[in-house]
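Working notes, structure below.
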Amino acid sequence: MSANTSERRALMLREMGLTPQWRAREASGATMPSPVPPMIAVPVVVPDAPEGVDGVSPLPSGDSERRAAIMQMDWPQLKACVADCTQCGLHARRNKTVFGVGDENADWLFVGEGPGADEDAQGEPFVGQAGKLLDAMLAAIQLKRGANVYIANMVKCRPPGNRNPEVGEARACEPFLHRQIDLIQPKLIIALGKVAATYLLAREASVASLRNKIHRYRGIPLIVTYHPAYLLRSLQEKARAWEDLCFAVDTLQGLKNTGGETI
Ligand code: URA
């Protein structure tokens, strides 16, 4: 491992709160899984999933006019439209809509599933415990919320009791995410967790089977990793998430080096 790689590894482990666990395992002599991904991304390119196939029902939008109108909106119009939205049942119990936050010209777009209680109260995504871990994950790759990073969710209103968003809710909200993506034009999308990955890729599959590959969403490279809330409960997957972040960094670097042509 080169000095640079080893420094980067140490920094990431520290930022993600992994160092004590790592040392404990080394000290105990336990066989460690090899957590160090190659620093050069070897892209496994998965063909672009057509929207609305492969296990997830197509947009029941029916409302192509609504979608077309959303796709013409600028940021202020889009924000106002989300704030007033009553398209699905989630609006009835929300306190605040959670539009998304960050750099509107970001290279990086992180997409979660939907607001929890803290986000519903504050109107900003990932501000609770999971959000703190997401911020640490960003710091591990020298990123921070708001600087070259945009954070959004599949659905903009809190599903009651933190249940997963239903298909109809996700599909009703999806035009908002599409417009956000078209306005931001990120270079890389990170799907956080199985729910976001399932809706974005229109394919029901485990995070384990989707990670470490380059997918595409609306033509943009997309990488799947574990949801921060899940990582809070699973230290083992935290190490894998770190691998995913390295993979993402290298993928984005590769995209920049090649003008996106090899991916
Ligand atoms: N979980 C999510 O998926 N999104 C949030 O904004 C907060 C928690």
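Just so you know, all these numbers are worked out from the coordinates, no wet-lab data involved. These figures come from a predicted structure and were not determined experimentally. Cβ sites come from the backbone with ideal geometry, for glycine too, and all protein chains shown count toward neighbours.
Brief remarks follow.
- Mean Cβ neighbour count within 10 Å, used as a protection proxy, ranking 236-244, 202-210, 151-159, 188-196 highest first: 151-159, 188-196, 236-244, 202-210
- Burial ranking of peptide ranges 222-233, 119-130 (average Cβ count within 10 Å, highest at the top): 222-233, 119-130
- Hits among lysines - C-alpha to C-alpha of Lys144 under 18 Å, sequence gap 8 or more where chains match: Lys132, Lys187
- Under 5 Å between amide hydrogens, built in the peptide plane, is the criterion, and for His227 it picks out Gly193, Lys194 among residues at least 5 positions away or on other chains.
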